[in-house]
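Heads up: the structure comes next, in structure tokens.
The values are calculated or read from the model by the stated rules, or taken from the named source; none is laboratory data. Predicted model, so just to flag it, every value in this text is computed and none were measured. Quick reminder, even Gly has a Cβ in these numbers, built from the backbone with ideal geometry, and neighbours come from all protein chains shown. When the accessible area is computed, the model is the full protein with side chains, heavy atoms only, and any ligands, DNA or RNA have been set aside. Shrake-Rupley method; radii C 1.70, N 1.55, O 1.52, S 1.80 Å.
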Amino acid sequence: MTTMTQASKGAVPAVKVTAEVSPGTWCNFRFDRPFRIGRLKDSDLFIDSPFVSRLHAAVAFENGQWTIRDLGSANGLFSGGAQVPSVSIDGLTV
């Protein structure tokens with residue numbers, strides 16, 4: 001699940017992410033800069049799952065909103081049950 005927090009004018013608003021980083025283990029994160037999600041241990045958001053590629057997705061603040069973009073992962077990125085190359089994550093549960 002992701003949520004946004006308010007920031008001062010001109011600053012990038014932080015995005016809060018709750019992710020299952022390993023089976024049954026959920027953690028909260030806060031980002032105010034672009035980040036990468038993947039199974040590589042040096043990923044900004046490391047997720048230990050066989051369904052997550054080594055470099056799975058990139059998240060960035062673009063055109064006034066946070067967007068997640070698939071990086072050519074094996075299992076893809078889905079929103080609303082459909083596979084998508086990218087999607088806005090403002091207030092979206094992923």
Starting from the Cα of ARG33, step 7 Å along the direction of its Cβ; do the same at THR18; then give the gap between the two resulting points in nm.
2.7
Net charge of neighbours whose Cβ lies under 13 Å from the Cβ of GLY72, counting Lys and Arg as +1 and Asp and Glu as -1
+2
One-quarter of the Cα convex hull surface for region 30-74, in nm²?
3.3
Between TRP26 and GLN83, what length comes free when the chain is fully extended (0.36 nm per residue of separation minus the Cα-Cα distance, one decimal in nm)?
18.1 nm
Whole-Hz ³J(HN,Hα) from phi, Karplus 6.51 cos²θ - 1.76 cosθ + 1.60, for region 47-63, glycine and proline x
10, 8, 8, x, 8, 10, 6, 3, 10, 8, 8, 10, 10, 8, 8, 9, 6
Could you provide, to the nearest whole Å², the per residue accessible area of region 42-94 with probe 1.4 Å?
58
